Amino acid sequence: MTEKPALPTDLAHPVDLYVGARLRIRRKVLGLSQTQLADALGITFQQVQKYERGANRISASKLYEAARLLESPVSYFFEGLDETAGSDNGDDGFAQRMTQFIATPEGLELAALFPRLNDRRLRRRVVELVKAMVDDEPGAAAD
């Protein structure tokens, strides 16, 4: 029996994308490189990349090891998943948008910095600024 090739990210299961994004966030929060995590898990950094992109599913045993190494409970990788679940028609738009956001270096940086803004009004102004910038983009669709 031959092994199936990894699915492109656009065909990956939303849960795999979500878990991979959470893996990336936690690794980055701890300041670890993909190579450092890979070495600790006994895999290649390319495999870590595939996990983080959701291109490959992470096995239960590797997820358990990763959680231990990243000093978090296994449940961390699934926290918030219920809130991102799509509607009955299979629309997982929120989970997909969050995964796309965290997949970029800028998104990850914003995600790390935004909670550090203590002033609620200032956070709201940042959201309004980004919203205005998106609305000004050519071809922007209104929500």
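Here are the numbers:
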quantity	calculated
Exclusive hit being farther than 30 Å from residue 123 by Cα and either at pLDDT below 95 or surrounded by 14 or more Cβ atoms within 10 Å (Cβ to Cβ) (or both), set 63, 30, 17, 81	63
Subset tally (residues that are surrounded by fewer than 10 Cβ atoms within 10 Å (Cβ to Cβ) and within 16 Å of the chain's Cα centre (by Cα)) for the range 97-143	2
Cβ pairs under 9 Å, 6+ apart, first in the range 112-128 and touching a residue at least 40 places away in the same chain (Cβ under 8 Å), second among the basic types (Lys, Arg) and not in a loop (DSSP other than H, G, I, E, B)	112/28
Unmet requirement for residue 53, which otherwise passes all of (1) farther than 20 Å from residue 110 by Cβ; (2) surrounded by 17 or more Cβ atoms within 10 Å (Cβ to Cβ)	(1)
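Quick grid of which residues meet (1) at pLDDT 85 or above; (2) among the small types (Gly, Ala, Ser); (3) closer than 18 Å to residue 48 by Cα; (4) in contact with an Asp or Glu (Cβ under 7 Å, 6 or more places away or on another chain):
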{"position": "97", "(1), (2), (3), (4)": "no, no, no, no"}
{"position": "111", "(1), (2), (3), (4)": "no, yes, no, no"}
{"position": "117", "(1), (2), (3), (4)": "yes, no, no, no"}
{"position": "124", "(1), (2), (3), (4)": "yes, no, no, no"}
{"position": "141", "(1), (2), (3), (4)": "no, yes, no, no"}
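The values are calculated or read from the model by the stated rules, or taken from the named source; none is laboratory data. Keep in mind that this is a model prediction, so the values were computed, not measured. Cβ: placed from backbone, ideal geometry, glycine included. Neighbour counts: every protein chain shown.
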